[in-house]
């Protein structure tokens, strides 16, 4: 199947589905569940003010939830859960839904149904295109893994869990209370 048809299929997915084009294949999955949504929201609230707006932090970043990143226009497309670009690299937000500049940082929030794709498909793709930092969050296990690209390979530089306090690259000037990311089961 040609790549144009794949992108047309991605665009035709129902609103309750997210689609990505990885290694010439359309990968579709339902919208995320509550634990995933909470992690995405809280990280955006924690990272956005100091890094995007410069409130009690250095500023200089764009932090975007679920951008459609086109590593190759309409051919190699992912929708990371959160992505960040240094404003010096991407001075303006695109006017369309296509982000065609490689992010500096990506956060993927893994669920049992997405973790294999995140690790075996998306992580190698992000390394291939030069994303410098990757956070992989597993909400059900209450784990955050921090990766940095070194010599075109991911180096796991730190791991956090449960209620750890996180100061991690590239956002090491702020502290994130990991417990704020997890849903607390109340009996």
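For the stretch 49-58, what are the residues that are within 15 Å of residue 86 (Cβ to Cβ), without any contact (Cβ under 8 Å) to a residue 60 or more places away in the chain and either exposed (fewer than 13 other Cβ atoms within 10 Å of the Cβ) or within 14 Å of the chain's Cα centre (by Cα) (or both)?
53, 54
Taking the conditions exactly as written (farther than 22 Å from residue 89 by Cβ, modelled with pLDDT of 95 or more and not in a strand (DSSP E or B)), does residue 185 satisfy them or not?
No; evaluated as a whole, the condition is false for this residue.
Which strands (runs of 3 or more DSSP E) sit wholly inside the stretch 54-161 and have at least 3 residues that are touching a helix residue (DSSP H, G or I) at 6+ places or on another chain (Cβ under 9 Å) and farther than 21 Å from residue 11 by Cα?
Where strands (runs of 3 or more DSSP E) fall fully within the stretch 54-161 and carry at least 3 residues being touching a helix residue (DSSP H, G or I) at 6+ places or on another chain (Cβ under 9 Å) and farther than 21 Å from residue 11 by Cα, they are 61-65, 105-109, 133-138, 143-150, 153-161.
If I filter the stretch 14-34 for residues that are in a helix (DSSP H, G or I) and over 15 Å from residue 117 (Cβ atoms), do I get at least one hit?
Yes: the stretch 14-34 contains one or more residues that are in a helix (DSSP H, G or I) and over 15 Å from residue 117 (Cβ atoms).
Just need a number here: residues in the stretch 133-170 that are over 16 Å from residue 35 (Cβ atoms) and surrounded by 14 or more Cβ atoms within 10 Å (Cβ to Cβ).
15
Do you know which residues across the stretch 162-182 are in contact (Cβ under 8 Å) with a residue 12 or more places away in the chain and part of a loop (DSSP other than H, G, I, E, B)?
Those that are in contact (Cβ under 8 Å) with a residue 12 or more places away in the chain and part of a loop (DSSP other than H, G, I, E, B): 162, 163, 164, 168, 169, 170, 171, 173, 174, 182.
With within 18 Å of the chain's Cα centre (by Cα), surrounded by fewer than 18 Cβ atoms within 10 Å (Cβ to Cβ) and at pLDDT below 90 as the only criterion, which of 28, 33 stands out?
33
The values are calculated or read from the model by the stated rules, or taken from the named source; none is laboratory data. Owing to the predicted nature of the structure, the values given are computational and were not obtained by experimental measurement. Cβ coordinates were reconstructed from backbone atoms using ideal geometry, including for glycine residues, and neighbour counts include every protein chain displayed.
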